[in-house]
Every structure is written in structure tokens, then in C-alpha cells.
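Inspection log for the structure reproduced underneath, given as C-alpha cells.
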Amino acid sequence: MTLFLPLEPSSPVPASPSFLQVPSDHTVQLDKVLKAILKAKRIVVVCGAGISVKAGIPDFRSPEGLFQTLKRDNPKEVLASGKDLFDASVFHSENTTSLFCQMIARLSELSMAAEPTAFHNLLHTLDTRGRLLRVYTQNIDAIEQKSGLSFGVPPFEERRSKPRTPKPAGTDAEPGENIASTSRLPTPPAETPRCIPLHGTLQTVHCQICNHSYALADYHTSLLDGTPPECPECSAMEATRQLVGKRARGIGRLRPSVVLYNEAHKDGEGVGDVVRRDLMGQSKGKGRSGADLLLVVGTSLRVPGTKRMVREFAKAVRSRGKDGGSNRASPMPAVEEEQPVKTVYLNLDFPVPTREWEGVFDAWLQGDAQVFADMLQVEIDRETRAKEIASEKKRRKEEEDAGERGKKRKPASAPQSTGSPKRRKIANLPLTPPRSKPSSAPPTKLFLTIPSLRARKLIPEVYISSTRPPRSPPKLPPTPEKSPPRPTRRSARTKSKSERLLPALHDDNLRALRADEDLLPSLVRELHCGGS
Ligand SMILES: [Zn+2]
């Protein structure tokens, strides 16, 4: 039985498949499925065109798709369906090859402009949470990579163990000899990429003879014209052969590296190897135990290879569920316990023929991938918030506990921290002398100005101020009203003398010196106090 859970609760129950189970508590069951997905640790996602429609990438089978446009633009061509342009037979005639190239060029434009959808971003979120084992995509738009997933087909183990021909030496090899080392698309990282393109990508083109790969973007114009470009590698090789007098071998044409119906995937072994490891588990790393939940999204499951893969994963995650349960010591047999949700199908329509899928999916979430992505994101955000609150609570509790411990210890340590009474007395000595200027605050910083040598001969006083003396003659605040500068005998004499003998010494300077005469003794005392 497959639980029927439309994302839109009011959706009518479809007539087929017959094995659908309609729950009375729709919301509760839907919530359970979402929780199961959030709880899973090694999710395998198999996705198709349905996740990219929102990004503006057309579904080729849909009547509104790109195929209809091409058919309208090329009325002479006998094209029954979009599938015809994705069949290996497109290369049988120049016309269909040209149409195929045009279609790919337009598609690559759309792909390059496309932004990841909510579902693509969800995949990335699951990956950063460490819950995503693998995404197998049937899409050729490579938007998964844009969302932040590592992407590509890893080299096949057996090939990798063979000594690889270094790239520069490739020119010496016979065409077709060097397939393994040149046919990767794109260059995969050392670790198995998170997303495996099942049907190639629009990012590259490769030579039909020597298998060399090139960036599609570099040949876009030629493809848009409907002309498959010549292979540079073959061209170089041909030139060399001509030079040494060897017979011509021909120059290959570059074709888009997307896998067509009725042709083998050129990286099929590499893909198969990853599938095998994700099914069975491997010796180390994240996929050690193999997938524990299967999510099939936005695909009508019509490609035989994908169908087989989905079935195998469904079997694997279910058997793992049983094994995993036996690991935990549970004395009571879980007879009444509901079967945990392990296989989820998410699409607007159920795959046909429906009987092929009986017993494969635990739940069918009927609806759009983007609506689902938003729903799950809400759950993820809720979970994240709950975790944050919990950790904040824990932190506060720890702080409180630490505070409690500190309080208990405080009485013993208190006298030590404040120091001896004697020291405290010294520290509390008033810094401000009793005879400070009435209007100004106590000086915090003192500057000492020693007159120049010539000036000192005449005026031996030292000038101390709470403000930094400027380079130019200092402009002091006007002398307080109540204590106007008293023309003492000495200052009167000095003034007259300086005016006569030292014209460089400004009047203001002299006034400042006089003004500070009264303050000087108290400041000196203050300096002593502060220094103790
Ligand atoms: Zn070539």
C-alpha cells in the first residue's frame, strides 16, 4: 500500500492506482513523512524535469515544451515527439543532427540563465546538514551544481587503477585509445560528487571519434547555427599524420554530452559504481551504511535504467530499516508499530503503468516539488530554532551554575581581592589637591614645557599645564575675573626685560607663565601623590 498524501489537502483521490491508501488523519500523516525525511541520515534523491520547470527549463515531454517550438520552426521535419530529438537516431541524418544541435544550444542558454529553485536549494540544505548521501539527476541543466552540490561522474575504479596516459602524451595515442582519461565530464573532484548526472550535461561537448571533451559554451554559436563543430584534437592529429606521411583517419565532430535514448552512457560504468556503493554501503565515509531513505521527485519514471535503480534503492532502504531496528535492543516485538516511511514519491502524477510500482513507495506526496521544498524548509527552520533555543538554555544554565559556584566561593576570596586596608587607604587618597582651580576639573594629564635655552637664561620658570601646549604660542583661557594677573614686581621686571631682549617670546607666553605661578606648587604636590 502507498499512502496518498496530496500537498494540497483538498485534492481529489485519483482513480488509479488501486493500491492507494487514503488516511483519515491527512495532516498527521503528512507531518510524519516530513519528520521521517528530516530524521533520515543518508537520503538518496532521484530527480527529474519536475524540479527544474520552475527554473525555466522546459520538460521535453510536455506539449508546451521546446519540442513544439522546434517543430513549428521546422515543419518539413518528421518529428512525432520530443523524444525523437533525444534519440540516438538524430545523428542518422544531417537535418536531424542540425535540429538537435540547435535545440541543445537553446537549452544551454536557458540552463546558463537558470537559477536554482527552492527544491535545488533544499538539496543543498540537506547536504550542509550532512543528511544527503546522493542526488541522481536525470536533468541535464546542472542546476544542482549551481545550488552548491559537488557534481559530476567519478572515474570508474577499474579504470582508475590502470596507469593513465599523461595529457601531453595523448597526441601519440591512436584515436579512441585514450577514452578513459579524456572522457570525464566535468573533471570530478577526488571525493565522489554529491550529485551524479544520469544523462550527461549541457556543459560539455565531446568528439564522436576521439572522445575528447570541451566546454559547450566555446562552441555555442556553431551549435546554434545547427553545425556540429570539428574536433580540435582530431584536427591536430590529422595534421601530424599528414606531416609524417600517414594515411588520413578523418576528423570527428563534437556532439553535446547528453545521453540519448538507445545509446549507452559513455560514463555508465562510473555511474553504476556509485549506485552500487550507495546501495550496499562502503568501507568508509558517509555512505558506510548505504542509503536509509529514498526520495523520488519530479520524474515520471519512464527511463528503464532509472526505473531499475529506483526499485533497487527502494529494496535496499527497506531492508536496512529492518536491520537497523534489530541493532537496537528492543525486548518488545514492534508488531503494532507503524512501518517507518522509507520510500517517498513526490510528483503531480503517479508513474504509469501503476502496477509496476505497487509496493515500491510508502507514500506518494502528490504535488509540486517547490511546494514540498517550502514545507520541508519550514520544518527545518523550526528544528533549527528549537536547537538554538535549547543550546541557549543550556548555556544560560551553565552560566547560572558557574555563578552559583562563584557565590559560594566569594566570602573566602573577598578580602584578598580588595587588598589590604593599608593599600586601600593609599589608593583612596584624593588626587585633587585642596587648592585646585575652583572652576576647572582636576587635571588628568600634565604637560611640562621647558622654555628654550635662550629663554631659560632669562626666565628660569617651568610651565606646567593640563592641556597639551601647542607648537604655536599657547592660547590659554582668559584669566579668571576674580584673580586678575597681579603685576608683581618680578613679573613686571621680567616683562620689560623680555620685551627688550627677547622679542621672539610672545606676550601670551609670559602671561601664561604668570597665571600658572599660583598653581605650580599644588601641581607639583599632585605629581608626587600620583607617583606613589
Ligand atoms: Zn576528436
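The values are calculated or read from the model by the stated rules, or taken from the named source; none is laboratory data. These numbers come from a predicted model, not from an experiment. FYI the Cβ positions are ideal-geometry reconstructions off the backbone, even for glycines, and counts take in every protein chain you see.
Taken as a whole, the range 71-94 holds no residue that is aliphatic (A, V, I, L, M) and in contact with a Gly (Cβ under 8 Å, 6 or more places away or on another chain). Would you say V296 is assigned to a helix (DSSP H, G or I) and of a type in the set (A, V, I, L, M)? So V296 does not fit the description; no. Of the residues making up the range 348-365, those that are among the aromatic types (F, W, Y) and modelled with pLDDT under 95 number 0. Taking first residues from the range 232-244 that are closer than 12 Å to I209 by Cβ and partners that are assigned to a helix (DSSP H, G or I) and within 13 Å of the ligand (Cβ to nearest atom), the Cβ contacts under 7 Å between residues at least 6 apart in sequence or on separate chains come to M237/T171. Scanning the range 207-263 for residues that are hydroxyl-bearing (S, T, Y) and under 36 Å from the mean Cα position of the chain (by Cα) yields S213, Y214, Y219, T221, S222, S257, Y261.
Exactly one residue out of L20, L30, L107 is modelled with pLDDT of 85 or more and under 28 Å from the mean Cα position of the chain (by Cα): that is L107.
Could you please find all residues in the range 128-146 being surrounded by fewer than 21 Cβ atoms within 10 Å (Cβ to Cβ) and either hydroxyl-bearing (S, T, Y) or not in a loop (DSSP other than H, G, I, E, B) (or both)? If the condition is that a residue be surrounded by fewer than 21 Cβ atoms within 10 Å (Cβ to Cβ) and either hydroxyl-bearing (S, T, Y) or not in a loop (DSSP other than H, G, I, E, B) (or both), then T128, K146 are the ones that fit.
If you filter the range 352-401 down to residues that are in a loop (DSSP other than H, G, I, E, B) and of a type outside the set (D, E), you find that the one that is surrounded by the fewest Cβ atoms within 10 Å (Cβ to Cβ) is P353.
For S93, indicate whether it is surrounded by fewer than 14 Cβ atoms within 10 Å (Cβ to Cβ) and at pLDDT 75 or above. Yes; evaluated as a whole, the condition is true for this residue.
Scanning the range 232-264 for residues that are touching a Phe, Trp or Tyr at 6+ places or on another chain (Cβ under 7 Å) and either assigned to a helix (DSSP H, G or I) or within 13 Å of the ligand (Cβ to nearest atom) (or both) turns up just one, L254. Look at (1) of a type in the set (V, I, T); (2) modelled with pLDDT of 60 or more; (3) closer than 30 Å to R247 by Cβ and you find that V153 fails only one, number (3).
In this structure, is G270 more than 14 Å from the ligand (Cβ to nearest atom) and in contact with a Phe, Trp or Tyr (Cβ under 8 Å, 6 or more places away or on another chain)? The answer is yes for G270.
Restrict the check to the range 216-227 and report whether at least one residue is within 15 Å of the ligand (Cβ to nearest atom), buried (at least 17 other Cβ atoms within 10 Å of the Cβ), among the hydrophobic types (A, V, I, L, M, F, W, C) and modelled with pLDDT of 95 or more. The answer is no, given that none of the residues of the range 216-227 is within 15 Å of the ligand (Cβ to nearest atom), buried (at least 17 other Cβ atoms within 10 Å of the Cβ), among the hydrophobic types (A, V, I, L, M, F, W, C) and modelled with pLDDT of 95 or more.
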